[in-house]
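See structure below.
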Amino acid sequence: MSERNSVEETADSASATTDGRTDSRSDLLRVRDLSTRFFTEEGQVNAVESVSFDVRDGEILGIVGESGSGKSVTALSLIDLVESPGRVTSGQVWYRNPDLAEEFPDAADGEFVDLRELPTRVRRTLRGPSFSMIFQDPMSSFNPSITVGEQIAEAVEVQRRANANPRSTRSRTQGYGLGRFILDGVVPNRDYTDPESSRRAVELLEQVGIPDPEQRADEYPHQFSGGMLQRAMIAQALAGEPDVLIADEPTTALDVTIQAQILNLLRDLQDERNMSIVMITHDLGVIARMCDRVCVMYAGEVVERGTLADVFDRPVHPYTEGLLGSIPDLDDPAPRLQPIEGNVPSLLDSEMGDRCYFADRCPKAMSECLTHPPEFDAAGSEEHRARCVLADHDYDPSEALPEDFFGGGSPAETGVTSTDQQAEDGATSEVSQDD
Amino acid sequence: MTDPLVRVEDLRKYYFEQDTLVDRMLGREQQSVKAVDGVSFDIHRGETLGLVGESGCGKSTTGETLLALREATGGSVGFDGTDVFGMGRAELKSFRRRAQVVFQDPFSSLDPRLTVGDIIGEPLLIHGQSDSAGRRERAKELLERVGLSAGQVDRYPHEFSGGQRQRVGIARALALEPEFVVLDEPVSALDVSVQAQVLNLLEDLQEEFGLTYLFIAHDLSVVRHICDRVAVMYLGEIVEIGTTDDIFDDPQHPYTQALLDSVPRAATSEHGRRVDALAGDVPSPRNPPQGCHFHTRCPHAREACRAEPPAYDVSEGHEAACFRLDDDHAYWESDPIAQNATGEDTSEHAPESTSEAD
Amino acid sequence: MVSPRTVRNLKREWRDNWLAKVGVVLVVAMVLVAVFAPFIAPYNPRSQSLDDNRLPPMGFSKTENQTSSEFVDGEAQVVSEEVTINATWDHPLGTNQLGQDMLSRVIYGARTSLLVGFFGTLFAMLIGVPIGLVAGYSRGRVDDALMRFADVMLAFPSLVLAVALVGLWGRATFRIPDPFVALGLAPGMPGSVVIPGTVIAVVALVTWVWFARVARGEALSVREEEYVKAARSLGASDRFVVWKHVLPNSLTPILVLGTIQIAAIILLESALSFLGFSGTTLSWGFDIAQGRDDLATAWWVATIPGLAIVLTVIGINLVGDWLRDALDPGLGGEGGSGA
């Protein structure tokens, strides 16, 4: 399929979402065949493999997967924050922005520009006003020795400079040259922020529901609780009034009652500002509550995507089914869970082979699964797709692979060493913890 | 009903801060953190009691204190009729044989410098089995029993994934054929698909060996799945205890209700559901609110809640500590407490908890 | 106990870090020299030859006023004439005031330095590590008391403390026969190795505190690991836990500190010898002290042993850095000084 074609796919197929609010929204981001690899000592790690999805105006898109599935790296790849030894190796990220399209016709296709074709400096100026990100662990995202208010004011400051100088190719920290650096060194405590930014920071803190924002702005991160700090991080992310907020496991480190607060806040903010949110989590419950459309990731690939109802009520890929079967239902405790056997695979290129990456754990693996499947259209809404032959035709037991085809033995035998996992988690160095 | 295997009565565990020699010399006052503040429950043979609560509520401390891994500040624990805190050396050693624990973090719970064979054989070594070939055989047996293969006996922990390590931790706990196992968030660090494997394994083992579990968790759906009875903790106290169905279908304490309401369900019906989230943070256990600890966040709080509520019987075996269960209580006449947005009674913004409190 | 990952890290650091190679070469060379001193040294380092005093090392020469008495016209006259003395291959590093061969002395000095460095560190570890582990593992009062004591120890300059202790105890030494000489393989060499016992004891006593602090810091963190909790829940005694879990998992930074301490102790030994508190005259520090007064006329007597000290200390520190980087990248500078 040519790139041109995929970009021209229309986005009016969102009719089947559950609450009907998502009708006829247009695409804001079109990710096509995005691949990110890590070049480690053990070898090449295919953290993100040919991933495609769209993000629409004012929707919440969920990306769900287990640790090492590549969901966090996908997010980082979107906003060009993948760090060495990782690199985005191919694919396009089309972002709808007529101004940029006009300015960079080479990278443009209609109103869309391919972010990967833009100069690095321009891409960097987009972080904040176009994209911003919140992370799992707010404690390590703040500098412990600077007050929360000042850190948010800094973000505001940076945005104001960018706005005063819109879309220029100048770095937005340009005002901060060597002279300034030396001056700051000589005269410590010389704030980088002015009173107006500080006022705006307090305003932002108030908007994210932090009580006594004026007083709390002068406090240090360690004086905040986890939930409050997560709010502060959201405030910081909002400083640039982004079009897309990428939330990477935003509630994973929080208790359920606090999680409920944060999820409510995110939904309110999204409604108010009509921004889009990309919600990355391993918690299917959070996905169900928040997201309009869902991508399920496994071993670096999007194995199934569609509306919430497509994925939760009509799953096609056995991995999606397995994931749903693995969680105990709070309202109807099943007598026995149906786990997926085996372990998350290694993403080392040398060990991946050219087959469906899930075949070794799949209860319905057939001989054709030994060739890597393309994305098929699946039943349900028009945008329901699955990277599984079962979307195309039914399971045929006579084609089934013998039980011990992949070395068999005990179910939990295939070993994943911790070094692999570190490589998988690579850029973020956050191992997802409990929910 | 027969006597319970474990009987915990009024268990207390306080930590003291500013307690060093220097602090004393400077005349600083000791500050206490009431991690566990008067907790009582029974665990019957063969059942699984769930202990749920948010971080910092003292559930893990309860587990460790009742195993005498931490020195209790007060209260008593009876194990099979014997007072655990009054045990002598020999008695304590035999208690250690019978009561085991599985920890949350599969990365830190296994010594990285030992092979899994040595790790699983360690309890046998401690309890006097000096024959190393025998220990190795037993380790292989146990590896197979928990779904790993005997051939992995000489591997090191870092060669295993999280779920596999947790299986090794379970094998170690089973080595001495215990009767009682404290499972301290055994699946919290695992991915959901692996989590389900381990939960199934735990259920099988319980059936096979007639084990009694104390299952400590913050994930309510896991608790609902595996537990027979559940105790809900908040700031060092049990606010509600009852059978799993009692707690999940008919929660009485406003905290239990809020907790259950907050959990996101993995179903399409969950979409867009708006939770009336509890306001504010969990107050610091250094300075817990007077009376009902929950009154600073409770949507039903009234002036009467500044006094400590007793545990009211809801039904047979179902108790909750809330004045609302007493139809004649002065609570109903008292004035509502205005909830400020933080849900904090005092103006002090303490961080949620100390690391030790949970 | 050495995991494959450790080996891999060691290899990687070895490959990427040429300084590590320099360090290892220096240290290995120094150890070989010390062990096989009787074969390598051209002379007995103690044998004097006053005629050949203060010969310069190769590549250098010196001029000297030679005086002689002559009878001129029946009167005795003192004649002074300037002669140039060239270095000879007989004494490639020259000789000292007593005409002892500097090369032989430096080679034998390595024995003293390495012995004191090794055993001093070993004893310091044996004292410090158990104390630190017990303090860190038990915490509470024991820890408080031990660590306050350690702070007091650290507050004293170690050299002052060492001098005071040697002054108090005298300069006891042990002599063990040199096996090569005893077997008749190296005739004419000194028959015994002198081990400066007091010096070893003293350097151990003034440096154990470092080991105690690092061991305590490690124990503090290891005791919080869940495998320690698990072992206790299995009924393991504290001794078992410390021996089986806490010690092995604390060892890496202790060993790294050990290598660095060897270098520090060698310096301390030299300083003590220089001040005249050593039990042996075959020591780099002693030679430096000997050469101090002659710096103007025979600079090499003090400089050559000084160079030997510098090379050894550099070598050991490079090895220590290599181990630190390879075994524990997180251990920067002064590791694990507990709060």
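The values are calculated or read from the model by the stated rules, or taken from the named source; none is laboratory data. Source: prediction; values computed, not measured. Quick reminder, even Gly has a Cβ in these numbers, built from the backbone with ideal geometry, and neighbours come from all protein chains shown. SASA here: full protein model, heavy atoms, side chains in, ligands and nucleic acids out. Shrake-Rupley method; radii C 1.70, N 1.55, O 1.52, S 1.80 Å.
Summary table
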read-out: Largest to smallest accessible area among B:228, A:218, C:52 [probe 1.4 Å]; value: A:218, B:228, C:52
read-out: Cα-based Rg of the range B:87-241 normalised by 2.2 N^0.38 Å, two decimals; value: 1.06
read-out: Hits among lysines - C-alpha to C-alpha of residue C:11 under 18 Å, sequence gap 8 or more where chains match; value: C:21
read-out: Tensor-based shape of the range C:1-145 (alpha-carbon gyration tensor, a/c under 1.5 rounded, otherwise prolate or oblate); value: prolate
read-out: Low-density loop cleavage sites - trypsin sites (Lys or Arg not before Pro) in the range A:251-332, where at most 14 other Cβ are within 10 Å (DSSP); value: none
read-out: Accessible solvent surface per residue of the range C:262-314, calculated while the other protein chains remain in place, 1.4 angstrom probe, Å²; value: 37
read-out: Karplus 3J(HN,Hα) series, Hz, for the range C:132-142 with 6.51 cos²θ - 1.76 cosθ + 1.60 (x for Gly, Pro); value: x, 5, 5, 4, x, 6, 7, 6, x, 5, 4
read-out: Mean Cβ neighbour count within 10 Å, used as a protection proxy, ranking A:221-232, A:245-256 highest first; value: A:245-256, A:221-232
read-out: Distant-in-sequence amide H partners of residue C:193 (H built 1.01 Å from N, under 5 Å); value: C:176, C:178
read-out: J(HN,Hα) series, the range C:156-171, from Karplus relation 6.51 cos²θ - 1.76 cosθ + 1.60, nearest Hz, glycine and proline x; value: 7, x, 5, 5, 4, 4, 4, 4, 4, 5, 5, x, 6, 9, x, 10
read-out: 1.4 Å probe, heavy atoms, protein only - residues of the range A:198-242 losing at least 40 Å² accessible area vs chain alone; value: A:211, A:225
read-out: By average C-beta atoms within 10 angstrom, highest first, the peptides C:319-326, B:140-147, A:101-108; value: C:319-326, B:140-147, A:101-108
read-out: Carbon/sulfur fraction of accessible area - the protein assembly as shown, other protein chains in place, 1.4 Å, %; value: 52
read-out: Tensor-based shape of the protein assembly as shown (alpha-carbon gyration tensor, a/c under 1.5 rounded, otherwise prolate or oblate); value: prolate
read-out: Accessible area that becomes buried as B packs against A, both chains, 1.4 Å probe, Å², nearest 100; value: 5400
read-out: Beta bridge orientation in the protein assembly as shown: antiparallel %, DSSP, nearest 5; value: 70
read-out: Rounded to whole Hz, the Karplus (6.51, -1.76, 1.60) HN-Hα couplings of the range B:271-281, x for glycine and proline; value: 4, x, 5, 9, 8, 6, 5, 4, 6, x, 9
read-out: Amide proton proximity set for residue A:353, modelled H, under 5 Å, gap of 5+; value: none
read-out: Members of B:34/B:59; B:59/B:140; B:140/C:244; B:93/C:244; B:93/C:229; B:59/C:229 lying beyond 24 Å, as alpha-carbon distances in this model show; value: B:59/B:140
read-out: Chain B: C-alpha gyration tensor shape, a/c 1.5 cut-off, then a/b vs b/c; value: prolate
read-out: Computed [θ] at 222 nm, helices only, for the protein assembly as shown once each DSSP H run of length n ≥ 4 contributes -39500 (n - 2.57); value: -12000 deg cm²/dmol
